[in-house]
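Following: one structure in structure tokens, then a few remarks.
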Amino acid sequence: MVSKQDILERLRARVAADLASLIESQKRTQAGAVHEESRPEDDKDTRAIEASYLARGLAERVEKLQHASAALSALRLRNFGAEEPVAVGALVTLKTPQREVLYFVAPAAGGFRLEIDGTQITTVTPTAPLGKAMVGLSLDEEVEFESPHGLQHYEIVDIC
């Protein structure tokens with residue numbers, strides 16, 4: 001079985017790497033927006049405005065990743081008992097007739113796919129459609145949620 005500590009460490013490292021890359025990109029974009037070569041040549045030249053919009057968008061993404069990093073740093077892992085419902089910090093195995101999938105319920109940074117020791121784990125937050133449907137349910141209960149591919153059904157076969 002995959003260690004939740006390994007999952008959390010890998011997720012923290014991935015968020016940190018993405019954050020460092022995004023900060024660098026945001027700084028370069030911001031510098032380009034105020035550079036003298038970006039000054040408009042006429043009233044139809046919008047290069048500086050476009051660059052400033054891009055820099056602002058990147059700054060907002062940096063802020064979101066900083067919040068995600070802080071939330072992941074504050075997360076304290078615990079083991080879930082057989083009768084406990086799904087909550088943040090749980091590693092949940094969901095099953096369909098065709099396959100089993102692992103989800104780590106994280107306070108932030110949902111949608112990441114991590115591979116650890118040959119096992120694929122996807123992070124999900126409590127605010128995502130699957131997370132909303134799953135949080136509060138217990139072992140052997142059915143998870144049902146609407147996805148872009150239609151109504152999905154899973155059975156919770158393990159929570160740890």
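L77 fulfils the conditions (1) out of contact with any Lys or Arg (no Cβ under 7 Å at 6 or more places or on another chain); (2) not in a strand (DSSP E or B) except for a single criterion, (1).
Closer than 14 Å to V88 by Cβ, modelled with pLDDT of 95 or more, touching a Phe, Trp or Tyr at 6+ places or on another chain (Cβ under 8 Å) and not assigned by TED's automatic domain parsing to the domain that holds E9: does that describe V135? No. Inspection of segment 50-63 identifies no residue that is surrounded by 17 or more Cβ atoms within 10 Å (Cβ to Cβ), modelled with pLDDT of 85 or more and of a type in the set (G, A, S).
If you go through segment 117-131, how many residues are surrounded by 14 or more Cβ atoms within 10 Å (Cβ to Cβ) and assigned to a helix (DSSP H, G or I)?
Within segment 117-131, the first condition is being surrounded by 14 or more Cβ atoms within 10 Å (Cβ to Cβ), and the residues that meet it are 121-126, 128, 130-131.
Next, only the ones that are assigned to a helix (DSSP H, G or I) stay: 130-131.
Qualifying residue count, segment 117-131: 2.
Restrict the check to segment 136-154 and report whether at least one residue is buried (at least 18 other Cβ atoms within 10 Å of the Cβ) and hydroxyl-bearing (S, T, Y). Yes: one or more hits. Checked against (1) of a type in the set (D, E); (2) surrounded by 13 or more Cβ atoms within 10 Å (Cβ to Cβ); (3) within 17 Å of V2 (Cβ to Cβ), E100 meets all criteria but (2). So, D158, is that one touching a residue at least 24 places away in the same chain (Cβ under 8 Å), of a type in the set (D, E) and surrounded by 12 or more Cβ atoms within 10 Å (Cβ to Cβ) or not? Yes.
The values are calculated or read from the model by the stated rules, or taken from the named source; none is laboratory data. Keep in mind that this is a model prediction, so the values were computed, not measured. Don't worry about glycine lacking a Cβ; one is built from the backbone with ideal geometry, like all the others, and counts go over all protein chains shown.
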